[in-house]
Each structure stands twice: as structure tokens, then as C-alpha cells.
Amino acid sequence: MIDRDHIRRLLTERREGFSLPQAFYVDEAMHEADIKAVFETEWLFACSACEIPKPGDYVTLEIGTNPVVILRDRDGGIRAFHNSCRHRGSRICAKAKGRATRLVCPYHQWVYELDGSLLNARQMPADFDRGGYGLKPAHVEVICGIVYLCLAETPPDITRFRQAVTPYIAPHMPDRTKVAFEKTIIEEANWKLVIENNRECYHCAANHPELLVSLVEFALPDDPLGPAQFQELIARKTAKWDDLGLPHQPADGGNEFRCIRLPFHEGALSFTMDGGSACNKLLGDFTDPDLGSVRMFRAPNNWNHFLADHIIHFRVLPLSAGRTALRTTWLVHEDAVEGVDYDIKRLTEVWTATDAQDAELAAVNHIGIRSMAYRPGPYSPSEFMLTHFTNWYAGKMQNFVGTPSPMRIAAE
């Protein structure tokens with residue numbers, strides 16, 4: 001049961017630049033509050049449009065207790081509906097993905113068109129008004145082939161995000177890709193710990209040898225922690241990107257989102273065990289495989305890498321206070337041929353290893369936070385994105401409980 005007064009007190013105790021008070025990570029009541037305050041009100045990354053290329057193709061997901069189906073309609077548009085029959089509420093589409101000419105409830109066989117309208121409700125009276133019982137829609141926005149979903153009656157404005165990130169990701173042409181591989185793992189940790197773990201590379205040197213073959217740890221082009229070698233690398237790569245017309249400076253996303261192009265280590269081209277290309281067929285109209293990576297994050301549930309040769313999407317959905325589903329999807333050019341242009345193992349092994357390592361780190365983090373000894377600890381300067389995320393999260397919770405709370409500052 002959600003206790004808004006308790007949340008207000010916790011927000012008052014929160015210190016900017018520190019991890020959150022314990023209850024935000026471990027209480028089941030807080031999980032319920034997160035679903036209501038965040039996941040039922042925000043734009044969420046759902047899938048890639050290339051996952052549902054033809055009319056009738058669909059994917060499903062669950063946002064808290066809300067099953068949702070996203071599909072391609074007969075006109076080629078993308079729609080989302082609550083995956084709940086208007087008869088007695090049964091879930092309609094049970095599979096994670098599929099294709100259907102109509103949506104048919106398995107319980108009493110009510111039949112819905114791909115636009116959500118009710119076509120047939122067998123054995124109902126002759127004067128039954130089917131028009132009043134179509135599937136309840138959810139809001140959908142497609143940005144460069146990336147599908148975002150919002151369950152709120154009135155969704156927040158996504159225009160600023162669309163305008164800011166489109167110049168970075170449009171050259172990679174996500175709408176001309178296909179899914180090469182996907183994998184979902186269940187992390188034994190609160191969803192915020194999964195996000196926080198991703199938002200910093202303070203832990204990378206000790207935990208991610210495969211990732212660091214290619215990935216540069218520094219998150220800003222002028223990172224004061226970056227050595228002279230890094231600054232020289234940045235200078236050379238950004239000059240090249242300028243010549244190619246590829247934006248690279250950090251987008252102004254505030255606490256809500258982040259988008260930036262950063263280079264790989266010298267000589268590395270992609271996320272592979274040796275740093276070489278993962279797919280010979282480059283994305284879009286690219287002819288140069290050495291374009292680094294556009295790193296894009298949007299609160300609350302998604303981060304991405306856009307490379308010259310492939311794209312990786314990561315989707316986070318909370319299952320409980322201590323369990324989180326992480327779905328990773330690898331996309332390649334729509335014309336790339338498996339076994340010719342790319343090998344699945346080579347394409348996926350770096351982030352498969354990294355996801356597993358991060359899952360273990362998040363799990364032991366969650367176990368430690370449950371301790372009676374836990375007190376919020378200070379973020380390092382390299383963890384500035386955690387401050388952005390926890391400030392964003394606190395703002396969502398303050399809006400939810402109705403009364404903004406004063407915040408203690410880290411200098412106390």
C-alpha cells in the first residue's frame with residue numbers, strides 16, 4: 001500500500017549527490033509507487049519498429065500489472081493497446097511476439113480488428129453496441145524507427161527529446177534494420193540499481209574486460225579525468241565527424257535524457273572481443289566503419305548504442321522491488337546476411353558478457369542495500385549521471401505525492 005507521507009519524508013531526507021534512502025530500493029510499496037509515479041506516466045522505450053515489419057505483427061510487454069500489445073495495423077501504422085479484453089478483462093495476446101490477422105480473446109473469442117475496434121462478440125444481444133467496446137489504446141511515438149509507449153491519459157511532451165536526438169541517430173537509419181538477436185535476463189535487483197549501474201563506468205575497469213576492448217570509459221569529451229591520449233583521440237575523431245556532418249557534442253537533455261557520440265579506443269571499430277567489425281554490411285549510407293558510438297539514454301528505462309555496423313537497444317522493466325527484466329536487442333542492416341555479413345556469437349558476445357557481469361553487480365548491490373547498516377553514500381565525480389538520474393526520479397516522486405520537498409545538500 002502506497003504511503004505518500006512516507007515518500008515525502010524520504011524525499012526530505014534525500015541528499016543530492018548521494019544514493020537514495022534504503023526504502024526506495026527495497027520496499028514493495030515503493031515498487032508499487034514507482035509503477036504509478038513513473039512507469040504509468042512516462043514515455044517508455046518499448047521496441048524497435050523493425051520487430052513488427054508487416055501488418056498483424058505484434059510484440060507484447062507488461063508494465064507493472066498492465067499487459068500491452070504493440071502492433072502494425074493494416075495501413076502500416078504502429079499502434080498500442082492495453083492487452084485486456086473488453087468483455088471480462090482476459091489477456092488477449094499471450095506470446096511475447098507473433099502475427100495475427102485479428103486479435104481474438106482466448107477466453108470467449110471476442111474478435112478485434114488491428115485498429116482495436118470490436119468486430120465480433122458472439123452470443124451478445126442483437127442490440128449490443130460493439131462501438132463502445134474497442135480495445136483501450138495507449139499513446140505511441142516512433143522516433144527514427146524506435147517505438148516509445150506511454151500509458152498516461154495525457155502523456156508528457158516528447159518533442160524536445162525527438163528534436164534533440166534525431167540528428168544523432170537518423171544517420172544510422174534504425175528504420176532500415178532487422179533484429180539479429182535478442183535476449184532477456186532477470187536481474188535480482190531493483191530497477192533503479194540496474195539503471196544506476198549503467199549510468200557510470202566507475203566500475204568498468206575492475207569488471208568489464210570484454211567491454212573495455214572497445215569502450216572508452218570517459219563519458220564527456222572534455223572529461224578532466226581523461227589523459228592526454230584521450231584528448232588527442234577526441235580531437236582527431238571529432239574533426240572527422242565534423243567533416244562527415246555527424247553531431248557529437250552532448251545534447252542538452254537535462255536530467256531526462258543524454259545523447260552524445262564518443263570514440264572507441266584507437267583501432268577499435270565495434271563491440272567485439274578484438275575490437276574489429278561485428279557486421280560487414282554497414283548501417284544506412286555509411287562507408288566508414290570507424291564512427292565510434294552514439295550513446296543515448298532516456299529515463300526511465302532505456303539506453304542504446306548506435307554504431308556504424310549495428311545498433312543495440314536495452315530495455316528495463318521492473319518486476320518487483322528486487323527483480324528487473326533487462327531485454328537486449330541487436331540490430332543490423334536489413335540486408336545483412338547471417339553467416340556472410342555477421343556471426344551471431346561475434347556480434348553479441350561482448351554485451352552478453354557485460355550484461356551478465358552487470359546483473360551480478362546489481363544483485364550484490366541490492367543485497368548490501370538491504371542491510372541494517374546501509375546509509376546513502378556519496379557519488380564520485382565520475383558518477384555525475386547518477387546525480388542526474390536520481391534528481392529526475394526524485395522529481396517524478398515529488399510530482400506523485402503532490403508536495404515538493406526540500407532537499408538536503410551534499411555539503412552537509
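At-a-glance table
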quantity: Matching option when the condition is within 28 Å of V142 (Cβ to Cβ), modelled with pLDDT of 95 or more and touching a helix residue (DSSP H, G or I) at 6+ places or on another chain (Cβ under 8 Å), among R160, R199; calculated: R199
quantity: Those residues of the stretch 248-282 which are modelled with pLDDT of 95 or more, within 22 Å of the chain's Cα centre (by Cα) and surrounded by fewer than 18 Cβ atoms within 10 Å (Cβ to Cβ), in sequence order; calculated: Q249, P250, G254, N255
quantity: Top-ranked residue in the stretch 263-310 [being part of a strand (DSSP E or B) and in contact with a Ser or Thr (Cβ under 6 Å, 6 or more places away or on another chain); ranked as farthest from I195 (Cα to Cα)]; calculated: F264
quantity: Unique match (being part of a loop (DSSP other than H, G, I, E, B) and touching a residue at least 12 places away in the same chain (Cβ under 8 Å)) among G76, G98, G89, G131; calculated: G76
quantity: Residue count for the stretch 368-412, restricted to those that are at pLDDT below 95, not in a helix (DSSP H, G or I) and not hydroxyl-bearing (S, T, Y); calculated: 9
quantity: Pairs with Cβ under 9 Å, 6+ apart, first in the stretch 300-320 and in the same structural domain as S214 (by TED's automatic domain parsing) and among the acidic types (D, E), second assigned to a strand (DSSP E or B) and buried (at least 22 other Cβ atoms within 10 Å of the Cβ); calculated: D309/C279; D309/V332; D309/H333; D309/Y342
quantity: Checking I35 against (1) of a type outside the set (S, T, Y); (2) out of contact with any Gly (no Cβ under 7 Å at 6 or more places or on another chain); (3) surrounded by 16 or more Cβ atoms within 10 Å (Cβ to Cβ), the condition it does not meet; calculated: (2)
quantity: Selected residue (criterion: surrounded by the most Cβ atoms within 10 Å (Cβ to Cβ)) from residues of the stretch 148-161 that are under 17 Å from C259 (Cα atoms) and of a type in the set (A, V, I, L, M, F, W, C); calculated: F161
quantity: Of residues in the stretch 162-185 being touching a Ser or Thr at 6+ places or on another chain (Cβ under 7 Å) and within 22 Å of I63 (Cβ to Cβ), the one surrounded by the most Cβ atoms within 10 Å (Cβ to Cβ); calculated: E182
quantity: Matching entry among A325, A363 (being among the aliphatic types (A, V, I, L, M), modelled with pLDDT of 95 or more, assigned to a helix (DSSP H, G or I) and in the same structural domain as D175 (by TED's automatic domain parsing)); calculated: A363
quantity: Residue list for the stretch 42-82, restricted to those being among the basic types (K, R) and at positive phi; calculated: none
quantity: Residue match in the stretch 30-42 (condition: in a strand (DSSP E or B), polar (S, T, N, Q) and within 18 Å of the chain's Cα centre (by Cα)); calculated: no
quantity: Residues within the stretch 226-262 that are out of contact with any Pro (no Cβ under 6 Å at 6 or more places or on another chain), under 20 Å from N302 (Cα atoms) and not in a loop (DSSP other than H, G, I, E, B), tallied; calculated: 5
quantity: Whichever residue in the stretch 38-67 is hydroxyl-bearing (S, T, Y) and closer than 22 Å to F257 by Cβ and, among such residues, is surrounded by the most Cβ atoms within 10 Å (Cβ to Cβ); calculated: S48
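Yes or no, residue by residue, for (1) over 17 Å from T60 (Cβ atoms); (2) under 27 Å from the mean Cα position of the chain (by Cα):
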{"position": "L71", "(1), (2)": "no, yes"}
{"position": "G77", "(1), (2)": "yes, yes"}
{"position": "H82", "(1), (2)": "no, yes"}
{"position": "G89", "(1), (2)": "no, no"}
{"position": "I92", "(1), (2)": "no, yes"}
{"position": "R102", "(1), (2)": "no, no"}
{"position": "E113", "(1), (2)": "yes, no"}
{"position": "D129", "(1), (2)": "yes, no"}
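The values are calculated or read from the model by the stated rules, or taken from the named source; none is laboratory data. Model, not experiment: these values are computed from the prediction. For neighbour counting, all protein chains shown are included, and Cβ atoms are generated from backbone atoms with ideal geometry for every residue, glycine included.
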